[in-house]
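So the structure is just underneath, and the comments pick up after that.
Just so it is clear, none of the values below were taken in a lab; they were calculated from the coordinates. If you're wondering where the values come from, they're calculated on a predicted model, not measured in any experiment. No Cβ is skipped: glycine too gets one built from the backbone with ideal geometry, and neighbour counts run over all protein chains shown.
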Amino acid sequence: MSINIRTNTGATMRSLSEQGTFRNSMYQHGEEKKERKPTLEPLTDINDILPDQVMKNEKIRLQSAGLQSEISHVEEDMSIVQTVARALTNVENSLLQMNELLVLVSNETEFNSAVRLADQTELEQLIDQINKVADETSYGRHALLDGSHGVRGVATGKFLEFVGMNADSKTSPLSGYQILVTEVATRSELQGIRPLTQAMIDNEESLIFEEGGIGNRFVTQKGLSVSNTFKRLSRWITEREIPLEIIRNSSQFLHFRHLQYGGSHSFGASSTTPGLISPESNRITYANPALDVKGFINSVPSFGHGQFLSAPDDADGIGKLTVRYTGTEVPADNIAGTVSVSQNGFQFQLGNPVSHVEQLSLGSIHAADLGRETENVSGFKSLQEIDIRTGQRVKDSLCVLAKSFEEVTTVKDRVEKVCGKTLKTNLQHLQLEHDNLIISGTNLENSSSAQAFAEITKNIIKENAGRSSMAQAHQNPKTVLTLLKWQVITEEELNIGWENSAWEFLLWS
């Protein structure tokens, strides 16, 4: 038994020595863990590993903010242009109603003063509607169709007037564009070589006038004086709406002149008595041809039509610049004056697909600013002045209306082009670029997060793998002691069994 006791004691002391070593190891590991606890090495490592991704995320964020700002600006520009398009549609509808009214009046076979008055009232109401649209169309506090966002011109010089210019024109230099007039516009005239006498009147002199392919015949009234015959002839021309005027003179010569300027307007006349108006009896003699104004705009040769002088469409900087010279004589040194032009159209800064500036000039659509360049017998200067009091005025009103409709349609087409093609295309490009940027940013953020989590997980696994056994032992000390006791008991049983087997072997021997 003494042998067994010594043997057991030795085994027990060995096991306790190993247990003390294990506890010392656990104690040292706990102290090391306390010392390492404040340090955050894994986070520091990740920040050092992913600086490029952080910079890329910031860059994408800035680009996204810039694109969103551009999209907002383009959407605001589209709102302005769409507002203008709707207003011009309303103006076109009013012009179409005016055209239907004028055509209806021109086809009337009987004159009814009450009906004509009602038609005139309706015409004036339609003109007021156009002016209302021009005054009230706005975006925020900015009026859009009053002419403040278009080409505006001022003429300096006697008998000189600014009419219009190409919508895409640029602002003129401070000195303006010089206007030179080398030939003034005239009207066709026809004058007899024999005076009108009482004998001719009593003999019932016959005069025939032809203008615009239409002939009219006038016969003098027997017994009427020469002076009263001239008055009667003047009233007759007005009633027949012939675009002529009588120029009275002391010699009682018949002298007629067309109301319109330029070579495109002419007439003819004849008389029974040779020389009274035509060299031969009852044979139409045509008036002397009229002249159109001629001159230069900013040293560029320009063409005239009546009193209007226009620069060529392709003239650099002054395309379609039109002025009106009403003087009857060529000015001194041919200098009629100067014209200064200001361009105040909208400037749309577009960046997609190609960076450029889109300009949209919006002239005034007030009735007083529409149809201004129309030559007419009634003397209408604009759509504001048209009326239907006489057949000729109805005819001239239709001409002014056609010119006004053309002007409005041209502006509307330009507006729809800018809105439907330019701004809409630019907006689509910006939205597509922004969507692609957001997708790429999301992918980059997801990959960065995945990589960061992978780094953290890897570091945790490496650290836990090296200390898993000791951490487990520290967390479950009773279990470890139980295992140690089981180890001691097992060793003792093995030793006792070996010793007993040895004695039995000796005894048998």
Next item on the list: Find out how many positive minus negative residues lie around Gly223, taking Lys and Arg as positive, Asp and Glu as negative, among other residues whose Cβ is under 14 Å from that of Gly223.
Entry: -1
Margin query: Using the Cα atoms of the range 128-184, I'd like the radius of gyration and the largest Cα-Cα distance, Dmax, both in angstrom.
Written below: 15.5, 48
Margin query: Exceeding 22 Å between C-alpha atoms, which entries from my cross-link table qualify? They are Lys132/Lys412; Lys320/Lys403; Lys132/Lys395; Lys294/Lys320.
Written below: Lys132/Lys395
Note to self: If I model the range 232-338 as equal point scatterers sitting on the Cα atoms and use the Debye formula, what is log10 I(q)/I(0) at q = 0.14, 0.15, 0.17, 0.19 Å⁻¹?
What the structure shows: -0.72, -0.78, -0.88, -0.99
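Write down the Å³ per residue value for the convex hull defined by the alpha carbon atoms of the range 189-286. Each step should come with its number before you reach the end.
Numbers: hull volume 8.5 nm³, N = 98.
Roughly 87 Å³ of hull volume per residue.
At R0 = 60 Å, how high is the FRET efficiency between Asn216 and Glu136 if r is their beta carbon distance? Nearest 0.05 is fine.
FRET efficiency, Asn216 to Glu136: 0.80.
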Checklist line | Net charge of neighbours whose Cβ lies under 14 Å from the Cβ of Glu407, counting Lys and Arg as +1 and Asp and Glu as -1 | finding: 0
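Rounded, prolate or oblate, given the Cα gyration tensor of the range 254-413, with a/c below 1.5 counting as rounded?
Numbers: a/c = 3.14, a/b = 1.83, b/c = 1.71.
Here the range 254-413 falls in the prolate category.
What does the charge add up to near Leu88, with Lys and Arg as +1, Asp and Glu as -1, over the other residues with Cβ less than 11 Å from its Cβ? Mind dumping the intermediate values first?
Details: positive: Arg86, Lys412, Arg414; negative: Glu92, Glu407, Asp413, Glu416.
Cβ neighbours under 11 Å give a net charge of -1.
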